[in-house]
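All remarks here apply to the structure that follows.
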Ligand code: SAH
């Protein structure tokens with residue numbers, strides 16, 4: 001089943017200053033305190049008890065994520081369609097975009113991500129793709145159609161997996177794409193089988209970033225590409241040990257509603273990939289390109305249709321909507337960064 005890939009032909013190298021690197025990832029990730037009540041462990045109970053608490057809090061987080069997306073995915077699809085991720089806009093675009101404009105921006109996000117990673121339209125080597133944290137499968141169906149590739153999506157939400165499979169069937173794509181419930185930290189796949197490993201806005205949910213990255217690398221074929229597009233906190237500056245308390249406080253409030261554990265920075269991802277000897281590691285900060293997104297989501301939530309759907313959808317959706325202004329504040333104050341990180345597994 002193993003596929004061997006030559007390096008994509010048109011890899012764009014990022015200027016060195018854009019690839020930031022900070023301290024050792026293991027140190028950094030340990031230094032971040034769990035931001036959600038779900039992730040809290042008590043050090044005084046002894047290591048066995050702490051491990052057990054960590055396991056059960058990881059389970060609680062997984063359950064919370066599954067329930068959150070079980071409840072909110074229908075509403076999102078009704079208003080925003082099948083892509084559950086930010087749109088990519090020209091910086092400073094002040095145009096009030098129509099619904100179709102935002103949908104185009106979401107497709108553009110996929111296209112820009114592929115382009116940044118050097119995966120081009122002519123790419124014939126992309127035969128097998130895994131969509132890690134697939135939502136209702138918008139990326140999988142798009143990528144499968146674009147490259148004629150086979151795509152498997154995994155999500156924690158049974159509701160999403162079913163809807164994703166139903167949409168694939170409705171688009172006559174079931175022979176190419178399929179979706180299942182599985183954990184990104186323990187993927188049900190053999191080593192080295194995917195030419196493209198795609199994680200669009202799921203990394204922020206992962207309680208153990210090192211394990212997450214290792215698992216992405218494990219399933220990637222030699223010569224294959226990994227693309228992680230994710231919410232990060234800003235890079236810490238030299239000598240800085242942690243975020244400021246007000247910054248951490250802001251992130252904690254977002255974590256509670258969106259079922260997120262501790263955040264990390266793009267530099268942390270870069271260092272994790274470096275520690276695993278990945279090649280052609282590149283990252284970029286696309287925060288400016290996503291700036292119009294949350295204000296647009298809030299505007300749609302405040303329409304009559306949006307409000308009725310929100311009330312029908314339930315408390316998790318309502319809490320989610322009330323948390324959106326915090327995302328805008330986080331971007332404006334430079335605490336939240338929208339990052340893309342990509343690399344290639346050596347042949
Ligand atoms: N990538 C999709 C959905 C983003 S929403 C899109 O762009 O449309 C975040 C997704 O990550 C959800 O589908 C959620 O179930 C998934 N997710 C979060 N933690 C996960 C985990 N540990 N394993 C698998 N999927 C996970």
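The values are calculated or read from the model by the stated rules, or taken from the named source; none is laboratory data. Only a predicted model underlies this, so the values are computations on that prediction, with no experimental measurement involved. Heads up, the Cβs are rebuilt from the backbone with ideal geometry, glycines too, and the neighbour counts pull from every protein chain shown.
Would you confirm whether or not the stretch 78-87 contains a residue that is assigned to a helix (DSSP H, G or I), more than 10 Å from the ligand (Cβ to nearest atom) and under 18 Å from residue 290 (Cα atoms)? Taking every residue of the stretch 78-87 in turn, none turns out to be assigned to a helix (DSSP H, G or I), more than 10 Å from the ligand (Cβ to nearest atom) and under 18 Å from residue 290 (Cα atoms). When the residues of the stretch 157-174 are filtered to those that are away from the ligand (no atom under 15 Å from the Cβ) and in contact with a helix residue (DSSP H, G or I) (Cβ under 9 Å, 6 or more places away or on another chain), the one that is farthest from residue 83 (Cα to Cα) is 174.
Condition check: under 19 Å from the mean Cα position of the chain (by Cα) and either more than 28 Å from residue 318 (Cβ to Cβ) or buried (at least 18 other Cβ atoms within 10 Å of the Cβ) (or both). Does residue 228 satisfy that?
yes
For the stretch 187-225, residues that are over 14 Å from residue 276 (Cβ atoms), surrounded by fewer than 24 Cβ atoms within 10 Å (Cβ to Cβ) and more than 10 Å from the ligand (Cβ to nearest atom) total 6. Those helices (runs of 4 or more DSSP H) of the stretch 262-347 in which 2 or more residues are within 30 Å of residue 218 (Cα to Cα), in contact with a helix residue (DSSP H, G or I) (Cβ under 6 Å, 6 or more places away or on another chain) and free of Cβ contacts under 8 Å to residues at least 12 places away in the same chain are absent. Of all residues in the stretch 233-260, those that are surrounded by 13 or more Cβ atoms within 10 Å (Cβ to Cβ) have Cβ atoms under 7 Å from Cβ atoms of residues that are at pLDDT 95 or above and assigned to a strand (DSSP E or B), 6 or more apart or on another chain, in 233/336; 233/337; 234/337; 243/233; 251/233.
Within the stretch 162-179, the set of residues being surrounded by fewer than 23 Cβ atoms within 10 Å (Cβ to Cβ) and under 24 Å from residue 109 (Cβ atoms) comprises 163, 165, 166, 167, 170, 171, 173, 176, 178. When 118, 138, 148 are checked against the criterion of being more than 19 Å from residue 190 (Cα to Cα) and within 9 Å of the ligand (Cβ to nearest atom), 138 stands alone in meeting it.
Any chance the stretch 90-102 includes a residue that's under 28 Å from residue 157 (Cβ atoms) and modelled with pLDDT under 70? Yes, some residue in the stretch 90-102 is under 28 Å from residue 157 (Cβ atoms) and modelled with pLDDT under 70.
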